[in-house]
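*Asks:* Take this structure, written in structure tokens, and hold onto it; I'll ask about it next.
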Amino acid sequence: MNNPCRLPFNHPPRTTDRHRIRRIRRHRPLIALVLTALLAAALVPAAQAQTLPFVPPSYTAEYRAQKMGLSVVARITLTREGERLRYRARVRPTGMLSWVRNDEIIEQSILRLTPAGLRSEEYLYSHTGASRDRRTEIRFDWEALKASGTHNGRAFELDIPDRAIDRFALQLSMIHDVWSGQREFTETIVERNRIRTYEFTVGAPETIDTPMGAVEAIPVTRYNEERDTTVSTWFAPRLNYLPVRLEQLEDGERLVLTIQSVEWHDNR
């Protein structure tokens with residue numbers, strides 16, 4: 001028995017049905033585009049549109065370099081101040097070297113976390129206690145794409161590309177590159193008198209012995225043809241990708257900086 005509420009398949013559409021079908025066909029391309037956009041929005045998390053670069057939680061780490069019985073200690077801290085980061089290092093001699101040298105190096109970057117990546121806002125380098133004190137300060141204007149500052153009292157200004165970082169914040173930017181799984185990457189560095197672009201190669205994980213114990217770390221290497229220098233850094237995933245070893249090979253001489261300890265200041 002036919003259902004009185006159901007039209008037979010061969011029943012001709014009513015006038016209102018025909019008009020509705022024509023309207024749907026006329027707007028089908030637009031409907032398809034809207035449907036595609038809605039499906040894409042449903043499949044991609046909303047937060048992905050505003051993804052910020054990965055950086056470690058706030059921490060303080062101590063590193064030590066030794067050569068010919070002499071040693072230098074570097075204390076590096078990362079602190080969060082809202083959307084900004086303060087990345088600071090203090091380097092000083094220890095042991096017998098401190099008897100004859102009272103040098104102190106302070107290097108600091110203030111950066112902002114943005115979806116476009118880490119953006120340097122201020123950079124400071126200060127070396128005191130040497131035969132001649134040195135100081136560099138840089139401020140970044142990303143709207144004008146300018147970096148301006150002073151080096152040993154002399155003013156300078158540089159045009160900068162849209163994607164660049166100061167030389168100390170390079171380590172933080174590299175942490176994000178390694179965390180994101182890149183095998184090769186480039187970084188553009190703003191220095192006091194020029195812009196440099198470095199190429200990096202990521203190697204297979206290795207086991208690195210440290211005073212904190214053995215850790216698995218990912219090596220990243222850069223070769224500087226101009227100075228015939230190779231610089232390698234090992235990043236440890238278990239330690240939020242912190243560098244655990246830095247090695248510079250120049251003129252056959254090797255200088256190694258190894259992590260000694262780390263203290264985390266928050267649980268992110």
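The values are calculated or read from the model by the stated rules, or taken from the named source; none is laboratory data. Since the structure is predicted, the reported quantities are computational estimates derived from the model, not experimental observations. For neighbour counting, all protein chains shown are included, and Cβ atoms are generated from backbone atoms with ideal geometry for every residue, glycine included. Heavy atoms of the whole protein, side chains included, go into the accessibility calculation; ligands, DNA and RNA do not. Shrake-Rupley method; radii C 1.70, N 1.55, O 1.52, S 1.80 Å.
*Asks:* Taking a point 7 angstrom from the Cα of Glu62 along the C-beta vector, which residues in segment 239-268 have backbone N less than 13 Å away?
*Replies:* 259-263
*Asks:* Another question, then. Please report, as a whole percent, how much of the solvent-accessible surface of segment 167-268 comes from carbon and sulfur atoms (probe radius 1.4 Å).
*Replies:* Solvent-exposed carbon and sulfur of segment 167-268 make up 42 percent of the total.
*Asks:* Using only the Cα atoms of segment 210-252, build the gyration tensor, take square roots of its eigenvalues as a ≥ b ≥ c, and label the shape rounded, prolate or oblate: rounded if a/c is under 1.5, else prolate if a/b is larger than b/c, else oblate.
*Replies:* prolate
*Asks:* Just to confirm, what accessible area per residue do you get for segment 55-174 at 1.4 Å probe, in whole Å²? Mind dumping the intermediate values first?
*Replies:* On the way: 6240 Å² over 120 residues.
I get 52 Å² per residue for segment 55-174.
*Asks:* Spin-label point model (7 Å from Cα, Cβ direction): what's the Thr221 to Leu249 distance in nm?
*Replies:* Here the modelled spin labels are 0.6 nm apart.
*Asks:* Apply the a/c threshold of 1.5 to the C-alpha gyration tensor of segment 89-187 and tell me whether it is rounded, prolate or oblate.
*Replies:* oblate
*Asks:* Right, something else. Shape verdict for segment 109-155, please, from the Cα gyration tensor: rounded (a/c under 1.5), prolate (a/b greater than b/c) or oblate. Please list the in-between numbers first.
*Replies:* Working: a/c = 5.91, a/b = 2.02, b/c = 2.92.
Here segment 109-155 falls in the oblate category.
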